[in-house]
1. Taking the Cβ of B:His610 as the center, what net charge do the other residues with Cβ under 10 Å away carry, scoring Lys and Arg +1 and Asp and Glu -1?
2. Would you be so kind as to identify which of C:Phe344, B:Ile221, A:Phe219 lies farthest towards the positive end of the dipole of the protein assembly as shown, taking Lys and Arg as +1 and Asp and Glu as -1 on Cβ and the Cα centre as origin?
3. Of all the Cα-Cα pairs you can form in the protein assembly as shown, what percent are over 58 Å apart?
4. Give me the angle, in degrees from 0 to 90, between the Cα long axis of helix C:204-221 and the longest principal axis of the Cα atoms of chain C, rounded to the nearest 10.
5. For chain A, compute the orientation-averaged projected area of the C-alpha convex hull (one quarter of its surface), in nm².
6. Given charges of +1 on the Cβ of Lys and Arg and -1 on the Cβ of Asp and Glu, with all other atoms neutral, how large is the dipole of region C:127-267 about its Cα centre, in debye to the nearest 20?
7. Return the inverse of the average 1/r over all pairs of distinct C-alpha atoms in region C:278-355, which is the Kirkwood hydrodynamic radius, in Å to one decimal.
8. Under 13 Å Cα to Cα from B:Lys430, which aspartates and glutamates show up? Leave out anything in the same chain fewer than 8 places away.
Amino acid sequence: MKRSKNKTVRAMMVAGCVSLLSATGVAKAADSTSPIVIPIHNWSSQIVMAYVLGGMFEKMGNNVEYVPADSQAVYESIRNGDVTISHEVWQSTFGKSFYNAMAKGGVIDAGTHSATTLEEMGVPTWVIEKDLCPGLPNWEALKDCHANFTTPDSDGKGRWLEGPQSWHGDLMPERLEALGLADKWTVKFAGGADALWTELASAKKEGRGTVVFNWTPNFTDADGFTFIEFPPYYEGCRKSDGGDGKCGSPKGWLKKAANYKFPKTHPAAYTAFSKASFSTQQIGQMAALVDTDKMDHKDAAAKWLADNEDLWMPWTK
Amino acid sequence: MIEALKQKKYLQFILLLIIFVVLCMVIAPSDSNYLWRLPPLIKDLPLAINDSVDFAMFEWMPIEVYDPEIEEFEQKPLLKEVTRVSSGFILFMIELIREILLGGVKTIVAFMGWDWATDNQWARWPALPWTIVAGGAAILGYALNGFRLALFVGLAFTYIAVFGQWEPSMQTLSFVLIAAPVSVFLGLVLGVWAFRSRLVESILNPLLNMAQIVPHFSYLIPVMVFFGIGDHAGAIATIIFATPPMVRLTLLGLKKVPPEVGEAGLMGGCNNWQLLTKVLIPTARRDILIGVNQVIMQCLAMVVIASLIGAKGLGNDLLIALNRLRIGLALEIGVCIVLIAIVLDRLSLAWANKQTDYFADLSFKQRHKYSLMFGAVFVGGVILAGIGSLIFKEGFNYLYLIPHNKGITTENFWQAGVDWIWDTFFYSLKSFNEWLIVEVLLPVKNAYLSMPVAATFVLTMGIGYIVGGIRSALIIGGLLLFIALTEWWDRALITSYLVTVSVMISMTLGIVVGTLCAQHPKSSRFILTYCDTFQTFPSFIYLIPVMMLFGVTDTSVLIAIVVYATIPALRYTVEGLHAVPESLHEAGSMSGVNRLQRWLSIELPVSFPHMALGVNQTVVFALSMVIIGAMIGTDDLGQLILGALSEKNGVGNGLVLGLCVAFIGLAIDQVIRTWANQRKEALGLE
Amino acid sequence: MSTSAANSSDALIRCDSVYKIFGDQAKSMLESSGGVVDAQKFQEAGCIVGVNNANFEVHQGELLIIMGLSGSGKSTLLRCISRLTDATAGNIYIEGEDILQMNNKQLIELRRNKMGMVFQSFALLPHKTVLENIAFPLQVKGVGTKESITRAKEMVDLVSLSGRENYFPRQLSGGQQQRVGIARSLAIEPDIWFLDEPFSALDPLIRKEMQDEFLRLQGVLSKTILFVTHDFDEALRLADRIAIMKDGVIEQLDTPANIVLNPATEYVRNFTEEVPREKVLKIDSVMDPYDPSEEISDLKVPQDAIIETVAEAVLTAGKPVGVVNQAGEIVGALHASKIISILFGGHANTPDQQNS
Ligand SMILES: Nc1ncnc2c1ncn2[C@@H]1O[C@H](COP(=O)(O)OP(=O)(O)O)[C@@H](O)[C@H]1O
Ligand SMILES: [Mg+2]
């Protein structure tokens, strides 16, 4: 019974003669020839790493396909099998989407990069050099310098430009409240990463003070960016977890995610993928090839692969 | 007194305002006061939608499918299989065209499977040299409309190639070449159906309104859930966005066909099909072609957003460029998008206007002129590419394919331009910006937020009642009630504030500039071309310079909205003024009015109903930009829609938020449309 | 000719109690009224009466003109007979076949082979050239491109538009556009030719020219024609018989002479009051029987000449004038006194009707 049902479905698909789904051959112990789908987001290191991993898979004899995707929405696609992997899952920015998709089933955790990440409020280094807020990066300095960070719509308070509210909810307003800074500082949610970078660029041109949400590794590292040092993070310190909400961000992880079928369909590729691990410095290198050396993403990936064979070759074994 | 009130609309408005102000002062702002804010009774609606979509998509009617890759039977829900297979067809078509242009393996895989393609590495479709594609397109232009079009098309393609945007442009082109015809076809079918059946028309009408106003982000998530991610998903989202104007214009055109023409067709012995295809549709051609133009514009306007759910090509590159603040590069990409739009528009127009010559007794050479020309171009292109491979021994063969971002670039020039603008204007703009925010925007925003919900209802429904009677009042009330019962009323107020301010600015700009331009046919044509261009030019590009100048503030959001929303204001003003009958001009001149008087007392009142529809479109455009404004940073509905992309119940949230935005638009639409129709009737313009 | 109605065997078109009423309740209201339709009462109920109980026949080769004020139902009647609209009740026979019973396919066949129609607003297809417009009914029928174009070319010559084959309708004057409309309606060589106020949209000079053109064509083609106009002069120039409509009712259907001389209703009388009789009446309607003993002038006038055209000659002849039929035989005599009373007398002076 099950068989015959299955047959009709297959017949329907074949009759469509278009479904790539049906175009599969007999299963082998080796990796399937159907392509591994890698998502392309909109920041340099992610794109270069996509081509780096893609190049690695191709070296192993796999077919690879790249697909542009929104960095938040991609986890739903991995879950559905439309995308195979995601290789830069940032803890505080994408952690929520990642775990949501995992809870629904269909996404697996494919290990963690050696790079540690930090996602935190901070200032461009020249703000410190100009001494716009004496005492930074210690957070206590914020108590006295808010006047240098006002904007027309901030009602006389200093402004923190936080990422979109969907990234961390009300974490930052709660922190300001908890630290007793709420009457001196206010939080503005930017619409996206573009807005953050634009703010950095225009503040620099104007020589004005700005406090911006940022992360590392990132291309802004090259220009110099200092993260504010808040009281250290510990388990349960956040308001939403029942804590007092004063703590800063933890050193975060950078994970890899995959569709649950990936280990079964492409066992060799999956093993390599789960072994793959990049350090902060290596990720910075990838980004710099594009951002600083103005290389094309694909060229950058090719160069990186050529330069770092002894790093990634062992993963493929 | 009561009699006077019945007669004089302005008295009614004054009374309404008084009641409104009194209500605002009397009602205390408190969460437990239902006159201040309604309880969020339908807070759980998004979740319910979400659950039902999940159920339909992932649980309903599971079928057993054997997955040979993991050698297991899997439960696959029926709906998902159906949507995936059907969207697979669209994907196949896109890939087919793409691989004709750029080469690849997908088409071969579709027939032979990945195993075969992997074992036979030679089986790769080669890309066409760009010279052949550009030449072929130019020949097409020549065949359709002569030398000038050929030159334009050829140059446009050459620009794209030379500036190193060939590959993404062809990816985008292949995607549009599927999405646009499908939209046109769907639009025609639905339009004809609505023309045939009143029932269908009355069902379709509100749906079309909604599809136009609901921000495209709202249906990105459902599309992604139903159809997955990739070019096909992008194409489907684009089709949803581009079809409504086609339906509308088809219906409009068909309705305008004089009944006698239809009867002439019948008497000529047409059956239903012939009547439709040979008489009605061709006669309605003017409007239908405007529909095609709109489809093409909408398709390219969606290129960037479609890339968020997997459409390859220029849109994705643009987002990447912007993320690095490379405005010059983004601008070059934007120009490519606009060029593709114009090329497609001109070619389709020329094709529709093509005439057959029955008398020419053609020789073989003449009859196959274009095929022969293409043959020559093909051979020439191959030879050139061959020569190229000899010249450019190392690196890239520029006569075959100019690789991505390896062409010439004017990026530095534009970057310098942006810097120049910054250096020149920043400080003067800064004080203006501060003044605007402190003196205008913040007070208006606060005023909106301090309206009790009861007062808002009285005001809006009252306006509806005065303008359109009890029906309008109830419609508006119903639409707003939906919003008031969600938990997003305050955010909707902020959206309304942004829309109100930007629509006012856009309308002022549009009417003033439009009137000036309408005085002269040349300037009219110029401004209409400008409208077309800016409608397709990705708004994302100017977000960054605007943010540079005005910061992450509401001013930037407003400017982004205004740039886009002024387009319909301009267009409808120019068109409205042109529609003023010549006899009225003459009558005016005879009674000795001067230019300004003529404008104020004749042209403006007569064209006002048409302009009012412009207000309508301006509102629609402004609402659809709310989401783009959210990319700068707002605390309105738009930001939540953006956020919905990453949420667990994103589908439901996105849809309900989208509905909220749409309902604001529909409420305004209700008032303006009713009023405009009344005016039109009064002026005898219908 | 009213007598010939009895001879229904050569009727090409026959209408039996045809009603056309617009409105949602048309059918039920008509049934309950039992066939006696009061336009006023129907209007109050939201129904508009287009055609009200039409009974008549049209014969092979006849030119029937339908007249009436605007809104009297002329077009509606024409549309019922061509079934562009479905009559609410009644039977319409064409060559003995009830067209209301025809299915779509038969109807299309009928139109493709037997009917042609000319419209007041020309109703040309704006996207097709003159030639394509004319060839359209042929192409729809499935005639090959080459053949239909050849045929269309002939039609272009027939309506004197040679040289403008490749013009679009918008590039033509009104008169020229209507020539295209005429050519198109004739392209399939129809038996029945409907013309709905074909010349009303044209200015008077062109209209006269087009009427002449029409007469010339009719002379060549001699079709069965239903011609709608509200221009009496036009009707008199062209008609075999005239039907006068008011509020959907055919008030009178008769020869031009009878309509003028014996109006059946007050409405028809008012309608025809202003019409100069000499322009309408033919000699045979005023001539006396030929008395061989009477001395008649050498001048002979044809039996079917319009009085106006011969009046002067008769008056100056001095003697009664002989009236001859087509074969040249003398069939009657015409006295100057009759002419004088027609030209200058009142209504009271009504000639006998022996020849009608
Ligand atoms: N489709 C229709 N629906 C409703 N009423 C109609 C329709 N067509 C014609 N009528 C009405 O029927 C009457 C007769 O119209 P018509 O035959 O066009 O008059 P005519 O051709 O004599 O000017 C008019 O009162 C007209 O308003
Ligand atoms: Mg009429």
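No lab work stands behind these numbers, since they all come straight from the coordinates. Just so it is clear, the structure is predicted and the values come from calculations on it, not from any experiment. Cβ: placed from backbone, ideal geometry, glycine included. Neighbour counts: every protein chain shown.
1. For residues surrounding B:His610, the net value is +1.
2. Toward the positive end, the furthest listed residue is A:Phe219.
3. Everything past 58 Å amounts to 34 percent.
4. Long axis of C:204-221 versus the principal axis of chain C: about 90 degrees.
5. Averaging across all directions leaves 19.7 nm² for the Cα convex hull.
6. 680 debye
7. Radius from the Kirkwood sum: 12.3 Å.
8. A:Asp153, A:Glu206
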